[in-house]
Amino acid sequence: MRTIRASEISSFLFCARAWWYQRQGMPSENQALMEAGSRHHQAHGGHVAAAGLLQKAGWVLLGGALLLLAAGVVMALLS
């Protein structure tokens, strides 16, 4: 059984004839726009990955700051 993807359902809902042409292997007439969309999605994916890394770095830095604060409080209490 063939897997149906969300993009295929979207294509069918937008235009059943375009979906049928795509299933027959006929190339789309708007290749330039489709390639531009693919480039946009790749760039967006890179931005999302970078944001995730920055968020993790922020949590690490916050944890380090809290550890330093706790160490400072302990040192102040012991002296």
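Readers should treat all values here as calculations from the given coordinates under stated rules, not as data from a laboratory. Computed from a predicted model, the values in this text were never measured in an experiment.
As a check on your grasp of the helix formula, calculate [θ] at 222 nm for the chain: sum -39500 (n - 2.57) over DSSP H runs of n ≥ 4, divide by the residue count, round to the nearest 500. Intermediate results must be reported in sequence, preceding the final value.
Values: 3 runs with 65 residues, N = 79.
-28500 deg cm²/dmol, from helical runs alone.
Debye calculation, C-alpha points only, no solvent: report log10 I(q)/I(0) for the chain at q = 0.19 Å⁻¹, in the same order as the q values.
Evaluating at q = 0.19 Å⁻¹ gives log10 I(q)/I(0) of -0.94.
Using only the alpha-carbon atoms, how far is helix 31-78 inclined from the longest principal axis of the chain? Give it as 0 to 90 degrees, nearest 10.
Helix 31-78 sits at roughly 10 degrees to that axis.
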